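Reading through the structure tokens given below for one structure.
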Amino acid sequence: MAFEPLHQRKLAAGIWIIFCRRQATPGLCGYHFGVDPMRYEEVSDWAHTYNRVGKEHHRGVAYERFKEEKAQVLLRLIGDRFPLIPANVKRYYTSTPLTNRDYIGDAEGSMYGIQKDYRDPLQTMISPRTKIPNLFLTGQNLNLHGILGTSLSAVLTCITLTGDESLLDRIREV
């Protein structure tokens, strides 16, 4: 799939924004996720480096500048659609395919896991329950792709583990 470079795109072309409200501040958003696809080739200059907890390695000023430029473009695109957000961002974290590679072990840092078929999603769903007693699975390969899929997978695993089907309702109340 071909993606236009981030700075040439409009918001709807591939950026996901997830708004999460906080119970302590009714009507206000506690945090946002802005997710945008990135090609591995964009970070290939730093492919020889690895950086994760326990094996920290600074990738250098050019890499940090690259991530900051990407973050600013993403904030500008979000601001085009939601003007109040950029000025109210207190902090943000950026990651690249290298971050995914270093933490989840995928050779080119894919954040989508195993290949899924949108025409038949049940074909590639994996149960959190295994044949081994008290061994449960969770993560991006279980049911849906990416960050949201990982979160939903964790909830599904918790429900399977505890048998508490009201968990999702309680999460919605927060």
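The values are calculated or read from the model by the stated rules, or taken from the named source; none is laboratory data. The shown structure was predicted, so the numbers you read here are calculated from the model rather than taken from an experiment. Glycine gets a Cβ as well: all are built from the backbone with ideal geometry, and neighbour counts include every protein chain shown.
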Pair list, Cβ < 7 Å and 6+ apart or interchain, from the stretch 91-104 residues that are in the same structural domain as His48 (by TED's automatic domain parsing) to residues that are of a type in the set (Lys, Arg) and not in a helix (DSSP H, G or I): Asp102/Arg52; Tyr103/Arg52
Residues of the stretch 40-53 that turn out to be loosely packed, with under 13 Cβ neighbours inside 10 Å, at pLDDT 85 or above and of a type outside the set (S, T, N, Q), as a count: 2
Options Leu148, Leu152, Leu144: the member that is closer than 27 Å to Ser95 by Cα, under 23 Å from the mean Cα position of the chain (by Cα) and in contact (Cβ under 8 Å) with a residue 60 or more places away in the chain: Leu148
Top-ranked residue of the stretch 87-117 - restricted to ones that are modelled with pLDDT of 85 or more and in a helix (DSSP H, G or I), ranked as surrounded by the fewest Cβ atoms within 10 Å (Cβ to Cβ): Ala87
